[in-house]
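Quick notes on the structure that follows.
The values are calculated or read from the model by the stated rules, or taken from the named source; none is laboratory data. Given the structure is predicted, the values throughout are model-derived calculations rather than measurements. Note: ideal-geometry Cβ built from the backbone for every residue, glycine included; neighbour counts use all protein chains shown.
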Amino acid sequence: MTVNLDATLAALADPTRRRVVDLLRAGPRRAGELARSAETSAPAMSRHLRVLRTGGLVEVEPVVEDARLRVYRLRKEPFAKLDEWLPRFWEEQLTSFKAHAERS
């Protein structure tokens, strides 16, 4: 799966989805656990997880014992790409700010 930085940033734009990412940093979880921890309804969590899946940030793993359950886990690739891009972004912004401050 190709990592799309725009899709990653769009998926992370919502505070509930950022909370889900924080929860998944501790390890894989079921959708119901995520909904309870994020204090949101199951249908709302389903929509958030769909956006995170579409953005490539999470992947789904079926539970062998019960095919109706799914476990969500973070994918490393989108976060590695974000980690690669952010320092360049801030370096450019700080360089521009320094140039502006020196002109003033």
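Here are the numbers:
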read-out: Residue list for the range 63-79, filter: assigned to a helix (DSSP H, G or I) and touching a residue at least 12 places away in the same chain (Cβ under 8 Å); value: Glu77, Pro78, Phe79
read-out: Identity of the residue in the range 60-76, surrounded by 12 or more Cβ atoms within 10 Å (Cβ to Cβ) and touching a Leu at 6+ places or on another chain (Cβ under 9 Å), that ends up modelled with the lowest pLDDT; value: Arg70
read-out: Identity of the residue in the range 77-104, under 30 Å from Glu33 (Cβ atoms) and modelled with pLDDT of 85 or more, that ends up surrounded by the most Cβ atoms within 10 Å (Cβ to Cβ); value: Pro78
read-out: Total residues in the range 30-60, condition assigned to a strand (DSSP E or B) and closer than 20 Å to Thr8 by Cα; value: 3
read-out: Scope the range 80-104; condition in a helix (DSSP H, G or I) and among the hydroxyl-bearing types (Ser, Thr, Tyr); matching residues; value: Thr95, Ser96
